[in-house]
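Contents: one structure, followed by commentary.
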Amino acid sequence: MNETLTLARKELLDLRHDRIVWIVLGTLGVAVVLSVIVASLDYRAQLADYEAYVAQVTASGSGVTPAAPQLFPLTLLRGGMEYVEVLAALFALMIGYGAIAKERSRGTVDLLLTRARSGTSIVMGKLAGLAVLWAAIMAAIVVIALASVAMIGGATIGLHEVARVALAGVAGWVYVLFWSAVAVAVTTLTRNSTGALLTLLVAWLVVVLVIPQIGDTMDPDNQVPGGLFKALAIAKTDEHAVLDHFTAYESARNGLEVSSISKLYERFTFATLGIKDTYNGQSLAFIWDGTFRYVYGALAFTAAALTLAAASGRRIHTLRRS
Amino acid sequence: MSTILTAARHELLASVRAKAPYALVAAFLGMVAASTFIGWRTSVTVTSIYDQVLADGLTTQPNPFTDVSPLYYVRNTVIYVLLIGSLMAATLGVQSALRDRKAETAALIGTRPVDGRALRAGRLLGLGLLLAALVGITQIITWISVSALVGGPLSASETLAIAGFGVITWLLLIGFAGIGVLSGRLLRRERTALLAPVVAWAVIAFVIPQLGTAARPVSLLNPVPLPAQDSGAFSWLSQVLSPLAITEHFKTASAALLESSSTGSPLASALIVALFACLALAAAVLIRADRTTGGTHE
């Protein structure tokens with residue numbers, strides 16, 4: 001245990017001098033702030049359109065005014081959370097890859113083995129260091145997200161908002177830990193660093209972008225600009241009744257989506273922040289009832305990745321220079 | 001001229017021998033093959049949904065999928081080109097640039113009386129030929145799969161449209177390959193050399209269109225194009241940033257060729273994609289990288 005902690009500390013010291021860490025924090029921070037700015041501007045544009053429409057209705061003498069667009073402050077974080085989903089996973093892979101590849105490149109595995117009893121200790125020490133690093137990065141993202149919602153979105157931040165954004169941050173931490181563990185396992189198990197890097201890139205592409213994209217594309221409502229059901233002038237309740245006739249198709253589509261940890265992370269985070277309408281303004285107990293299986297799914301994926309990474313430590317000799 | 005041709009031939013041989021990017025190439029070809037089926041299955045389901053809605057008396061609107069062109073099934077391919085194809089091209093570019101550095105032969109080549117620009121142009125020519133071959137394979141796969149789904153060979157105009165889509169696809173891919181070559185030549189580590197074009201791709205594909213349309217980043221991966229926001233700051237931003245939204249222009253030009261609904265001017269969009277390819281190639285050939293000729297270290 002002690003040697004694992006020593007290696008974790010050594011990894012953190014290494015990472016402190018690595019510019020990529022600052023690039024990651026900067027990119028994610030800017031992406032979150034930018035998304036809040038865009039969402040705020042979009043809301044203001046909608047509000048201006050609404051006010052212009054109300055003025056027209058009033059001038060025409062009609063008594064009917066439509067409902068004003070509502071702003072739920074945490075929904076401003078939607079774009080930012082999507083950037084975390086896409087880019088943080090990529091960064092986690094690159095940092096995880098670098099943690100192992102540098103030992104191969106420098107030929108320092110034998111040196112590390114003089115301080116640790118096994119390859120598993122080395123790998124777990126590195127992962128512990130990465131876990132601490134990502135906890136710090138996610139904490140910073142939570143602070144940036146709350147500050148931008150308050151300062152740019154003009155929202156009042158209470159305990160309720162802090163708790164939800166923090167919960168999304170914890171979900172993000174589990175999510176990036178999964179990707180770091182995958183990167184560490186694949187890099188340790190692959191003899192060729194370039195092969196490992198490209199395998200990780202393909203994994204990221206398939207899990208983060210391709211699988212969710214297929215699910216999204218297969219959604220009948222996404223087939224027409226503005227939505228199929230809206231184009232056919234069908235109410236939400238009727239939409240559900242119609243889709244009940246296509247449960248096999250919807251189940252296949254949903255099954256495909258939840259096979260990606262990215263989608264599990266997205267669904268939980270969107271529910272927690274009230275981005276998905278069904279969960280907007282609901283209690284955490286209600287949200288848990290609707291999303292606990294996504295949490296269990298993401299935890300199972302992460303546990304499997306950590307187990308694989310620990311097991312890959314037995315093949316640490318592949319990192320020795322030939 | 002002989003330097004260019006020799007370098008191009010070497011690039012082709014070396015790219016085919018390097019097995020590491022095969023997984024990306026396989027993912028690209030596999031998803032292009034699957035995308036036509038996904039498009040067909042989805043449109044069959046949507047038509048069934050429409051029939052159900054009509055039987056329930058819930059709408060009087062016409063079926064939005066009546067008389068859609070067979071090329072409608074190809075529209076998902078557009079997304080896989082900009083998603084997997086661009087990254088595959090950038091990766092091939094990075095690997096091409098890193099090959100000599102990893103073999104530690106870059107300095108040796110530097111001692112020979114070879115024009116560096118001709119050498120780089122030759123390598124890009126080789127990469128361009130490789131990408132043209134891959135794009136050609138995807139177009140053949142697309143033609144065969146759509147013909148199989150509609151139960152007969154596609155017409156000459158539809159075949160020409162697929163060929164036109166192949167040209168615009170090649171332009172996008174060679175542009176990203178140029179960015180990859182530049183990144184591989186300028187950055188010291190393999191990891192950052194690969195990360196830089198991916199981040200550049202993310203900025204082009206997500207951030208710039210988001211600033212102009214207020215769209216959510218992931219929704220930009222839907223083949224249904226998003227109209228630009230025309231109010232407030234978005235109107236100004238979308239005009240300023242429009243030339244940089246390369247992937248959105250690729251979607252617009254492809255949608256016009258594939259007879260899908262599109263926003264904007266397809267010809268202008270195609271020209272912007274071509275300009276992107278020219279600029280990326282020119283930068284990859286002309287920019288010198290004397291400081292990073294050594295091997296890569298993590």
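The values are calculated or read from the model by the stated rules, or taken from the named source; none is laboratory data. Everything numeric here is computed off the predicted structure, so don't read it as measured data. When we count neighbours, we look across all protein chains shown, and the Cβ atoms used for this are built from the backbone with ideal geometry, even at glycine. The protein model used for the area step is the full one, side chains on, heavy atoms only, and it has no ligands, DNA or RNA in it. Shrake-Rupley method; radii C 1.70, N 1.55, O 1.52, S 1.80 Å.
Residue-wise test of (1) out of contact with any helix residue (DSSP H, G or I) (no Cβ under 6 Å at 6 or more places or on another chain); (2) under 21 Å from A:Val210 (Cα atoms).
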residue	(1), (2)
B:Gly126	no, no
B:Gly136	yes, no
B:Ile140	yes, no
B:Trp143	no, no
B:Val167	yes, no
B:Gly178	no, no
B:Ala196	no, yes
B:Val207	yes, yes
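Quick check, is B:Tyr50 among the aromatic types (Phe, Trp, Tyr), under 21 Å from B:Ile140 (Cβ atoms) and in a helix (DSSP H, G or I)?
Here the answer is no, as B:Tyr50 does not meet what is asked.
I need the full set of residues from the range B:1-42 which are charged (D, E, K, R), at pLDDT below 90 and over 28 Å from A:Thr190 (Cα atoms), in order please.
B:Arg41
Residues that are open to solvent by 10 Å² or more (accessible area, probe 1.4 Å) and within 12 Å of chain B (Cβ to nearest Cβ): list the helices (runs of 4 or more DSSP H) wholly contained in the range A:218-277 that include at least 3 such residues.
Qualifying helices (runs of 4 or more DSSP H): A:236-243, A:247-258, A:261-272.
From the set of residues in the range A:17-42 that are out of contact with any helix residue (DSSP H, G or I) (no Cβ under 7 Å at 6 or more places or on another chain), within 21 Å of B:Ile208 (Cβ to Cβ) and not hydrophobic (A, V, I, L, M, F, W, C), which is modelled with the lowest pLDDT?
A:Asp42
Just checking, how many residues over the range B:173-197 are touching a Phe, Trp or Tyr at 6+ places or on another chain (Cβ under 9 Å) and either open to solvent by 30 Å² or more (accessible area, probe 1.4 Å) or more than 18 Å from B:Leu130 (Cβ to Cβ) (or both)?
3
Would you be able to tell me the number of residues in the range B:238-250 that are assigned to a helix (DSSP H, G or I) and open to solvent by less than 20 Å² (accessible area, probe 1.4 Å)?
Qualifying residue count for the region: 3.
I'd like the full set of residues that are closer than 23 Å to A:Trp22 by Cβ and at the interface with another protein chain (Cβ under 10 Å from one of its Cβ atoms), limited to the range B:197-225.
If the condition is that a residue be closer than 23 Å to A:Trp22 by Cβ and at the interface with another protein chain (Cβ under 10 Å from one of its Cβ atoms), then B:Val198, B:Val199, B:Ala202, B:Val203, B:Phe206, B:Val207, B:Pro217 are the ones that fit.
If a residue has to be surrounded by fewer than 19 Cβ atoms within 10 Å (Cβ to Cβ) and touching a residue at least 24 places away in the same chain (Cβ under 8 Å) to count, how many in the range B:5-24 make the cut?
Residues that pass the stated criteria total 9.
Looking at this structure, is B:Ala90 facing chain A (nearest Cβ under 8 Å), in contact with a Ser or Thr (Cβ under 9 Å, 6 or more places away or on another chain) and of a type outside the set (Lys, Arg)?
no
Considering the range B:101-114 alone, what residues qualify as being more than 14 Å from every other protein chain (Cβ to nearest Cβ) and either within 16 Å of B:His10 (Cα to Cα) or assigned to a helix (DSSP H, G or I) (or both)?
Passing the criteria: B:Thr105, B:Ala106, B:Ala107, B:Leu108, B:Ile109, B:Gly110, B:Val114.
Return the residue satisfying two criteria in turn: it lies in the range B:110-133 and is in contact with a Gly (Cβ under 9 Å, 6 or more places away or on another chain) and surrounded by fewer than 20 Cβ atoms within 10 Å (Cβ to Cβ), and of such residues it is nearest to B:Arg17 (Cα to Cα).
B:Ala132
Find the residue count for the range A:37-52, including only residues that are among the hydroxyl-bearing types (Ser, Thr, Tyr) and either more than 12 Å from chain B (Cβ to nearest Cβ) or closer than 19 Å to A:Ala150 by Cα (or both).
Residues meeting the conditions: 2.
How many residues does the range A:184-200 contain that are at the interface with chain B (Cβ under 7 Å from one of its Cβ atoms) and under 24 Å from the mean Cα position of the chain (by Cα)?
Of the residues in the range A:184-200, 3 are at the interface with chain B (Cβ under 7 Å from one of its Cβ atoms) and under 24 Å from the mean Cα position of the chain (by Cα).
Filter the helices (runs of 4 or more DSSP H) completely within the range A:1-101 down to those with at least 2 residues that are buried (at least 23 other Cβ atoms within 10 Å of the Cβ) and under 19 Å from the mean Cα position of the chain (by Cα).
Counting at least 2 such residues, we get A:19-59, A:78-83.
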